[in-house]
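The values are calculated or read from the model by the stated rules, or taken from the named source; none is laboratory data. None of these values were measured; they are calculated from a predicted model. Methodologically, a virtual Cβ is constructed for each residue, glycine included, from the backbone with ideal geometry; neighbour enumeration extends over all protein chains shown. With ligands, DNA and RNA removed, areas are computed over all heavy atoms of the protein, side chains included. Shrake-Rupley method; radii C 1.70, N 1.55, O 1.52, S 1.80 Å.
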Amino acid sequence: MPNRFPTRRVFTTLALAATLAGAAFSAAAQPKALELLNVSYDPTRELYVEFNAAFAKHWKAKTGQDVTIKQSHGGSGKQARSIIDGLDADVATLALAGDTDALHTNGGWVPKDWQKRLPNASSPTNSTTVFLVRKGNPKNIKDWDDLIKPDVSVVIPNPKTSGNGKYSYLAAWGYVIKKGGDDAQAKDFVTKLFKNVPVLDTGGRGATTTFAQREIGDALLTFENEVNLIKKELGDKFDVVYPSTSILAENPISVVDKFAIKHKNQALAQAYVEYHFSEAGQEIAAQHYLRPSVASVANKYKARFRNIELFSVGDVFGSWTKAQKVHFADGALFDQIYQR
């Protein structure tokens, strides 16, 4: 008589099928983990360790998805070139709008109107160029004019590869113009300044290492947020000097559309850039000595940031496009100045 009851093998097979089906259902029910690459400039490494952790927690609470945010850092101009050459950045947080503009001009990685997509011309924070000097300020450096004295050595990153370096160069040039000087006088001043620069590192963090750890130079020209980080990490070995006037260093951000579309994470990338303008994101930026753009947070941290006269690139140079062409393109004024 045929066996009318299932064998143990049948039970085992059914149980295995049910287990596999349950696992498949469970896997399908779990939100897919996502990845994002933020390509940024040198002095933001520590900022984004904290910021990315906060955003990942925010995204998990909102969507149930885990997200891994990868960081890439270097000189801002060098980072822009890396994206243009194919580095798969979902988001670019570069040191200046001119480097982000280059992503449009050289391959259409972002749209021409990228600055119109977020508040404050897509710059959630800003900074300025200040001087870091040895403790006690032994060379008595108080303003830009002191940097061109024959016995003063100044550390500045390379303006060809570093947004930090570009801002330092333009801040020095603009100082002369704001005092009533003309372009010929500004060129002479900046020429004297760069004669006092012993080494050109490719990025701001390299320049920091040269000054703070290799102990080269009497003054480091760098962003306000970087000098405060140096003092925090390396102790009370330095003083900060605020010049009489300096440049407004705006910190732009943009989704890199071509790569975000390729990676199918446009919504994640957009949420990430928007989080920079949230109160939580602005708080983190302020704690890392970046000047917030959201009024409520800016007012809260007002005492942290020195109120000095600041001029924008547009005020003195017309636009980043003009500044790049006149000063930093191959064969332009910086190349002429730096030839020795």
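One table, with the values for the structure above:
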| read-out | value |
| --- | --- |
| Computed lengthening from residue 192 to residue 287, 0.36 nm per intervening residue step minus Cα-Cα distance | 30.6 nm |
| Lys/Arg +1, Asp/Glu -1 at C-beta; the range 231-282 dipole; positive extreme among 269, 247, 234 | 269 |
| Dipole magnitude (debye, nearest 20) for the range 218-340, charges at Cβ of Lys, Arg, Asp, Glu | 240 |
| Three-way shape label, the range 257-340, alpha-carbon gyration tensor, a/c 1.5 | oblate |
| Cα-projected label distance for residue 104 with residue 319, points at 7 Å along beta-carbon direction, nm | 0.8 |
| Relative contact order, percent, the range 158-301 [alpha-carbon distance under 8 Å, six or more residues apart] | 19 |
| Model label zone, residue 33; criterion: amide N under 13 Å from point 7 Å along Cα-to-beta-carbon; scope the range 52-88 | 65-70 |
| Computed magnitude of the charge dipole of the chain (debye, nearest 20; Cβ of K, R +1, Cβ of D, E -1) | 1080 |
| Computed magnitude of the charge dipole of the range 178-255 (debye, nearest 20; Cβ of K, R +1, Cβ of D, E -1) | 100 |
| Sequence-distant residues sharing a close amide H with residue 247 (under 5 Å, placed H) | 129, 311 |
| Members of 264/322; 112/231; 78/322 lying beyond 27 Å, as alpha-carbon distances in this model show | 264/322; 112/231 |
| Largest to smallest accessible area among 277, 211 [probe 1.4 Å] | 277, 211 |
| The range 197-264: GluC sites (Glu not before Pro) in DSSP coil with no more than 15 other Cβ atoms inside 10 Å | 215 |
| Unit charges at the beta carbon, dipole of the chain: most positive-side option, 293, 131, 150 | 293 |
| Gain upon complete extension [residue 60, residue 302; 0.36 nm per residue less C-alpha separation] | 83.9 nm |
| Efficiency of FRET from Cβ geometry, residue 312 and residue 280, R₀ 30 Å, rounded to 0.05 | 0.65 |
| GNM flexibility winner over the chain from 38, 158, 140 (Cα, springs under 10 Å) | 140 |
| Solvent-accessible surface ranking, highest first, for 209, 202 at 1.4 angstrom | 202, 209 |
| Lys/Arg +1, Asp/Glu -1 at C-beta; the range 183-340 dipole; positive extreme among 210, 312, 191 | 210 |
| Segment residue 68-residue 215, extension gain: residue separation times 0.36 nm, minus the distance between their alpha carbons | 49.2 nm |
| Accessible-area composition of the range 62-133, carbon plus sulfur, in percent [1.4 Å probe] | 47 |
| Relative contact order for the chain, counting Cα pairs under 8 Å that sit 6 or more residues apart, in percent | 22 |
